[in-house]
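**Student:** Supplied in structure tokens, the structure appears directly below.
What follows draws every value from the coordinates through simple rules; no lab data is involved. Model, not experiment: these values are computed from the prediction. Glycine gets a Cβ as well: all are built from the backbone with ideal geometry, and neighbour counts include every protein chain shown.
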Amino acid sequence: MNKLKTKSVLIVDDENSNIMALTHILSSDYVVYASKNGQSAINVAEKYLPDVILLDILMPDMSGYEVITTLKSSKKTQHIPVIFITGLRTSGDEEKGLALGAADYIIKPFFPSIVKHRVWNQIKVLEQLNEYNLMQYKLASDALGIALWNIDVVNPDPTSPENKITWSQEFRQMFGFSDENDFPNNINALAERFHPEDSSKAFAAFAAHFNDYTGNTPYYIEYRVKHKNGEYMHVHGFGATQRDGKGIPLRTSGAVMDITEKQRMKVMLDLSPLACLVWDEKLNVVYCNKAAAKLFDLKDNQEIFNNFHNLSPSYQPDGQHSNEKLANYIKRSSEKGYYIFEWMHQMLDGTPLPTKITLFHVKDLGNYVFVGYIQDLREQQAAIEGCTG
């Protein structure tokens, strides 16, 4: 994991012995910050924006529960993954921590290998998602002719004219322009063509993604752009940002897609190496890609449609009914626009299939749908069990 040397972890614990032990475990791979109380932890998190926070619960003056509540209520720190590491070991304690927004929960006394894997998992899932997005854009661009753009970041202000913007030729042609003379490589070339009702939200969505140094805020938005002929086009804009070890943007690449032809979305999803399902707002499966059938060892997409309700057990590992738990995650996705969570699926023969789902709530041709990308966690969990066995 030495390549992660520039990633950072904040350890929050009132016991010196715990701070020293965790620092010893993590310092060879990460920049480590430490705080002995809640208020100091909040200050350090806001100043340095660590990639992951390891947080004790029982501390004087301010408990870990109070600290995470403060962190999650701040736009600056709300997307930093928090892992509780505590001697509290009841299911109620763990449930409370996860309900407050914790990404994971480690019980003391802890095993060094478990701590390393849990921290690594939080960082790796974001890296994998960004790598996947970049690959997806290239594949989709070649197959569909969607329009790519790129920003080489010089100034961390997303609207700075110092940043070098490159619109692809396909990008210009999508909106009726032919070359750099009539659509130059600057932000104003696009900004002045936004629909007046969409301009603010388009800039806000990009700024939220760009300025989130954790990389936890996706850029995915629908807006309208005026074609050269004067008519407005509806497009989906999406992108990903390459960052340095502190999360500062280095380059942002993305694309726009004309969404007047729904088939384009289906083709793009079929190019995805990750399993993907699309549900309508009544949670009926309306589309799935080839990778989804492969994940569940089914012969084709039709088998997904026929057996979807048999691909999850009645109850999740924490004892909560799957329907109730899914309803809660659907609600969160609707409120935030996306939500990331772990979910226990199963094969048709009942074999458990642990997964992580990134669930987007997006508008598709005037109707909202849920798009879920499903990551297989079997190898990841087997690696962790191998270290603890």
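**Student:** Order of 39-50, 154-165 by packing, highest average Cβ count within 10 Å first?
**Tutor:** 39-50, 154-165
**Student:** Using Cα centres only, tell me the gap between the range 277-334 and the range 69-101 in whole Å.
**Tutor:** Comparing the Cα centres of the range 277-334 and the range 69-101, I get a distance of 27 Å.
**Student:** Along the three principal axes, how long is the chain when you take its alpha carbons, biggest first, rounded to the nearest angstrom?
**Tutor:** 67, 53, 35
**Student:** Something else: Cα atoms only: what Rg and Dmax, in Å, come out for the range 2-110?
**Tutor:** When restricted to Cα atoms, the range 2-110 yields Rg and Dmax of 12.8, 37 Å.
**Student:** Counting other beta carbons within 10 Å of each residue's own, what order do 57, 187 fall into, fewest first?
**Tutor:** 187, 57
**Student:** Per DSSP H run of at least 4 residues, take -39500 (n - 2.57); add these up for the chain, divide by its residues and hand me the 222 nm value, nearest 500 deg cm²/dmol.
**Tutor:** Taking each H run of at least 4 residues, the total per residue is -11500 deg cm²/dmol.
**Student:** Tilt of helix 112-144 relative to the longest C-alpha principal axis of the chain, in degrees (0 to 90, nearest 10)?
**Tutor:** On a 0 to 90 degree scale, this one is about 10.
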